[in-house]
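Please treat every number below as a calculation from the coordinates, not as lab data. All figures in this text were calculated on a predicted structure; none of them were measured in a lab. All Cβ positions, glycine included, derive from the backbone under ideal geometry; neighbour counts span all protein chains shown.
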Amino acid sequence: MRLRHIKGSEENIGASPYVIQDPRTHRGQWHKLFGNEHPIEIEVGMGKGKFIMELAQNHPEINYVGIERYSSVLLRGLQKREELELSNIWFLCVDAKELAEVFGEEEISKIYLNFSDPWPKERHAKRRLTSPEFMAVYDKVLAKDGKVEFKTDNRGLFEYSLESIPAAGWQIEEKTFDLHNSPMAEGNVMTEYETKFVAKGNAICKLIAKRV
Ligand code: SAM
């Protein structure tokens, strides 16, 4: 994602009632923060958050946490959030590598990765959100029967993920190289990037991973 620093974005995020400012203090206590025992699902790298806010609107019986590491990107999501009446979503401005410091063991029911940065150079492979390093982080916070759902139009990243995820000790439960023409499209919620790529005619790949 091309980044333009927005002046004052850290201050705005720091003052936002929709962003948890000290997420580590809620580790293992997120249900208390939501005030119910509903399952908690997270999107890692939510960008402007269209996808996760739509899920939160459609599923009041599920709690959501949107995670984005750049304050200037998250800020854009907050503008949309202000227009919505929702009590089942929080945002965090943290790097995904810190997830196990923020969430307790098995505290999360599902992890969404949507159009994650491809990091095509081999020397940057560890930064890919489906690398074995990141899968090990998800393993710490995801419930035993929890799932990771990953969508991308980047064929190289998808093919890499079809190898890196099993190499990390997970199994691919379902996959498609053309989501919008497959049974997996049922109930699909489009992300911001997905809308752009579909308009360009790109096929969307999707996989669902779970523990072996
Ligand atoms: N998920 C959105 C969508 O599909 O429209 C945004 C996709 S955008 C290409 C990827 C986003 O992931 C960027 O906003 C980037 O800052 C964020 N991101 C990448 N690596 C991250 C990490 N390690 N932790 C948190 N966010 C990350």
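Quick check on the chain: of the DSSP beta bridges with both residues there, what percent are antiparallel, nearest 5%?
So the antiparallel bridges amount to about 35 percent of the total.
Classify the range 1-92: rounded, prolate or oblate, from the alpha-carbon gyration tensor (a ≥ b ≥ c, eigenvalue square roots; a/c under 1.5 rounded; otherwise prolate if a/b is larger than b/c)?
Since a/c reaches 1.5 and a/b is larger than b/c, the shape of the range 1-92 is classed as prolate.
Which of rounded, prolate, oblate describes the range 144-212, given a ≥ b ≥ c as roots of the alpha-carbon gyration tensor eigenvalues and a/c under 1.5 marking rounded, otherwise prolate only if a/b is larger than b/c? Verdict is prolate for the range 144-212. In the range 74-212, a dipole from Cβ-located charges (positive for Lys and Arg, negative for Asp and Glu) runs towards its positive end, and of LEU78, VAL137, PHE177 it is PHE177 whose Cα lies farthest in that direction.
Subtract the Cα-Cα distance of ARG155 and GLU11 from 0.36 nm times their separation in residues, and report this length gain in nm to one decimal. Working shown, then result.
Numbers: separation 144, 0.36 × 144 = 51.84 nm, distance 3.76 nm.
That works out to 48.1 nm of additional length.
With a Förster radius of 22 Å, plug the Cβ-Cβ distance of ASN58 and ILE208 into 1/(1 + (r/R0)^6) and report the FRET value to the nearest 0.05. Working shown, then result.
On the way: r = 19 Å, r/R0 = 0.84.
Efficiency, rounded to the nearest 0.05: 0.75.
For the cross-link pairs LYS50/LYS110; LYS144/LYS196; LYS80/LYS140; LYS50/LYS175, which exceed 26 Å when the distance is taken from alpha carbon to alpha carbon? Those over the limit are LYS144/LYS196; LYS80/LYS140. What the phi angles of the range 201-212 give under the Karplus curve with 6.51, -1.76 and 1.60, with θ = phi - 60°, is a coupling list of x, 6, 6, 9, 9, 9, 9, 10, 10, 9, 5, 5 Hz, glycine and proline written as x.
Each eigenvalue of the Cα gyration tensor of the chain, multiplied by 5 and square-rooted, gives one semi-axis; in descending order these are 25, 20, 18 Å. Each Lys and Arg contributes +1 and each Asp and Glu -1, all at the Cβ; summed about the Cα centre of the range 71-211, the dipole is approximately 440 debye.
Can you give the net charge of the other residues whose Cβ lies under 13 Å from the Cβ of PRO23, counting K and R as +1 and D and E as -1? All intermediate terms of the calculation are to be shown ahead of the outcome.
Details: positive: ARG24, ARG27, ARG69; negative: ASP22, GLU68, ASP95, GLU98, GLU101, GLU107.
It works out to a net charge of -3.
In the chain, Cα pairs under 8 Å separated by at least six residues give a relative contact order of 20 percent. Among residues other than CYS205 with Cβ under 10 Å from its Cβ, the summed charge is +1 (Lys and Arg +1, Asp and Glu -1).
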